[in-house]
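**Student:** Below is one structure. I have some questions about it.
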Amino acid sequence: MLDLRDCFKYFAERQGDAVVITSAGVTSGTWWRTTHDMDQTFYLGASMSMISMFGAGIAMGAPNLPVWVFMGDGAFAMNPGMLMVERDLDLPNLKHFLVSNRVYNATSAARLANAKRNDYAGIARAVGIERVFEIDSLEALHAQFDKIVKAPGHTFTVLEVEPLREKPGGVPLDDAESKFRFGRYIERKAGIKIFRHPALEPLLR
């Protein structure tokens, strides 16, 4: 099994221009503790399983920008139908990582329903996603990283990790600040306009 902190450290060292979107709870807290990033990451509070759909919107609007989505399996259990939309869109710059620890780590590690039998990779393949990976060690991550991340094409990757014994703590950004910092970063890197105040419209025509 992977240690999530080691896993995220490896990703962070190879992030480059990729933007990261994390689901609420341990996934966001661990990425924050690993990177302390306030601009290139969007910590989606109360994400309720919607981060891959949020990520798909970013990937569509900025097609030259790599988009990495890290979602806990507790969130995934709320809306596995997101994979149908991902397959339909088939966005080449969207990389979806499922952080699977088989528990609700944010709520005292309560066991996830049907935990031992849940086959997340099998669900993804069943809806037609072609590039599906299962990673359960750092060695496997090292070996498959380029194929998952650098090769073009939408991917769904299950990261089998050990539940954290302690909670990593929250992210010291409120949702509004995270939104604006992240949006401004995308504006700079992708050369697209995201925010515009209506009062400025007459001046920009």
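The values are calculated or read from the model by the stated rules, or taken from the named source; none is laboratory data. Note that this is a predicted model, so its numbers are computed, not measured. Glycine also receives a Cβ, built like all others from the backbone with ideal geometry; neighbour counts cover every protein chain displayed.
**Student:** Tell me which residues, restricted to region 135-179, are over 30 Å from Met60 (Cβ atoms) and of a type in the set (Ser, Thr, Tyr).
**Tutor:** Once the filter is applied, which keeps residues that are over 30 Å from Met60 (Cβ atoms) and of a type in the set (Ser, Thr, Tyr), region 135-179 yields only Ser137.
**Student:** Take the residues in region 27-56 that are assigned to a loop (DSSP other than H, G, I, E, B) and touching a Lys or Arg at 6+ places or on another chain (Cβ under 8 Å); name whichever of them is farthest from Ile186 (Cα to Cα).
**Tutor:** My answer is Met38.
**Student:** Could you list all residues from region 112-152 that are modelled with pLDDT under 95 and in contact with a Phe, Trp or Tyr (Cβ under 8 Å, 6 or more places away or on another chain)?
**Tutor:** Residues satisfying the conditions are Leu112, Tyr120.
**Student:** Yes or no: region 170-185 includes at least one residue that is under 16 Å from Ser100 (Cα atoms), touching a strand residue (DSSP E or B) at 6+ places or on another chain (Cβ under 6 Å) and at pLDDT below 95.
**Tutor:** Scanning region 170-185 turns up no residue that is under 16 Å from Ser100 (Cα atoms), touching a strand residue (DSSP E or B) at 6+ places or on another chain (Cβ under 6 Å) and at pLDDT below 95.
**Student:** Okay, moving on. Within region 124-161, how many residues turn out to be on the phi < 0 side of the Ramachandran plot and more than 18 Å from the chain's Cα centre (by Cα)?
**Tutor:** Number of matching residues: 10.
**Student:** Do we find a residue being more than 16 Å from the chain's Cα centre (by Cα), at pLDDT 95 or above and crowded, with 19+ Cβ neighbours inside 10 Å anywhere in region 68-81?
**Tutor:** no
**Student:** Now a separate question. Given the conditions (1) touching a strand residue (DSSP E or B) at 6+ places or on another chain (Cβ under 9 Å); (2) outside any strand (DSSP E or B), which single one is not true for Gly16?
**Tutor:** Every listed condition holds for Gly16 apart from (1).
**Student:** Return yes or no: is Leu89 of a type outside the set (Asp, Glu), more than 23 Å from Ser137 (Cβ to Cβ) and touching a residue at least 40 places away in the same chain (Cβ under 8 Å)?
**Tutor:** Judged against the criteria, Leu89 is a match.
**Student:** Are any residues in region 188-205 at pLDDT below 80 and not in a loop (DSSP other than H, G, I, E, B), and if so, which ones?
**Tutor:** Within region 188-205, Pro198, Ala199, Leu200, Glu201, Pro202, Leu203, Leu204 meet the criteria.
**Student:** Right, here's the next one. Mind counting the residues in region 39-51 that are in contact with an Asp or Glu (Cβ under 9 Å, 6 or more places away or on another chain) and at pLDDT 95 or above?
**Tutor:** The qualifying residues number 1.
**Student:** Any idea which residue in region 147-187 is surrounded by the most Cβ atoms within 10 Å (Cβ to Cβ), counting only those that are of a type in the set (Val, Ile, Thr) and either assigned to a loop (DSSP other than H, G, I, E, B) or touching a Leu at 6+ places or on another chain (Cβ under 6 Å) (or both)?
**Tutor:** Val161
**Student:** Only one of Thr155, Thr107 is at pLDDT below 80 and under 24 Å from Met82 (Cβ atoms); which?
**Tutor:** One residue alone meets the criteria, Thr107.
**Student:** Going by what's in this entry, would Ala59 be described as touching a strand residue (DSSP E or B) at 6+ places or on another chain (Cβ under 6 Å), assigned to a helix (DSSP H, G or I) and on the phi < 0 side of the Ramachandran plot?
**Tutor:** In short, yes.
**Student:** Of the residues in region 62-84, how many are over 20 Å from Ala18 (Cβ atoms), part of a loop (DSSP other than H, G, I, E, B) and not hydrophobic (A, V, I, L, M, F, W, C)?
**Tutor:** Matching residues across region 62-84 total 3.
**Student:** Which residues, taken from region 159-183, are closer than 19 Å to Phe11 by Cβ and of a type in the set (A, V, I, L, M)?
**Tutor:** Within region 159-183, Leu159, Val161, Leu164, Val171 meet the criteria.
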